[in-house]
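Q: I'd like to ask you about the structure that follows.
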Amino acid sequence: MPGRCSGTGLAAKLSQFPVRGTPRAARYTRRMGRLIVRRAERGTVPQAPYLALMLVLVVGAAWWLMRPDAESRVRDAHEELRRLLIRSGDEGNASLLSARALQGLFADSCEVSGDAEALTGTYSRDEMVGTIIRVRGIFESIELTFGELEIEFPADDDAVAEFPAVLVGRSAQAGFEDISETRRVTSRMRNVEGSWLFYAFRLERTPPGG
């Protein structure tokens, strides 16, 4: 018969086991861990290899059940950003509405780096939104396409997305040229009180046909 594990020894093992995924996944894993500890204190949890298998199952369930929620919210935020950046003709009061919506997508500070010409720098939320509105005003129309997002979560409250972006803009002012460019974008988002907010963008120029 397999040996039994004390609650104290099991708690020590659990504290060393990495908890990954979303905050909900972490809470789920810790709750399940406490349940295992209570059962261990009653002498009803067998030792390894059954213990190791149980821990893997608990963490795996938390990872796969909770993570898609965060990933879908990150994807939704990128789609909302893309929708607010495009432009088609005279918008009237829609520009003001776009500015208000953009306010809800950015963290207090946002950094832009890479091949972004004069846009590189660190912006406050208001500065970021103001810059976007001014740049949009240069163009009569903007078409923007985001390719497939590759999303990773380095930490529970941090998301990194990489994707290609294609921008086609028709100038509305003399002295500004129409543009058609492709960039490889790396965006970073932070979960702040339940909202995923952009806090960094890196743009890399993609050669034609690349």
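FYI, it's all coordinate maths here, none of it is from the lab. These numbers come from a predicted model, not from an experiment. Neighbour counts run over all protein chains shown; Cβ positions are idealised from the backbone, glycine included.
Q: Pop a pseudo-label 7 angstrom from the Cα along the beta-carbon direction at both Thr145 and Ile133 and give the gap in nm to one decimal.
A: Placing both labels 7 Å beyond Cα along the Cβ direction yields 3.0 nm.
Q: I would also like to ask the following. Between Glu204 and Val192, what length comes free when the chain is fully extended (0.36 nm per residue of separation minus the Cα-Cα distance, one decimal in nm)?
A: Numbers: separation 12, 0.36 × 12 = 4.32 nm, distance 2.71 nm.
Answer, rounded to one decimal: 1.6 nm.
Q: Further question: Restricting attention to the alpha-carbon atoms of the stretch 86-189, what are Rg (one decimal) and Dmax (integer), both in Å?
A: Cα only, the stretch 86-189: 14.7, 47 Å (Rg, Dmax).
Q: Grab the Cα-Cα distance for Ala116 and Arg75, subtract it from 0.36 nm times how many residues apart they are, and report the gain in nm with one decimal.
A: Numbers: separation 41, 0.36 × 41 = 14.76 nm, distance 2.26 nm.
That pair, Ala116 and Arg75, stretches by 12.5 nm at full extension.
Q: Between Asp126 and Asp157, what FRET efficiency comes out of the Förster formula 1/(1 + (r/R0)^6) with R0 = 22 Å and r the beta carbon distance, rounded to 0.05? Write out the running numbers ahead of the final one.
A: On the way: r = 23 Å, r/R0 = 1.05.
With a Förster radius of 22 Å, E is 0.40.
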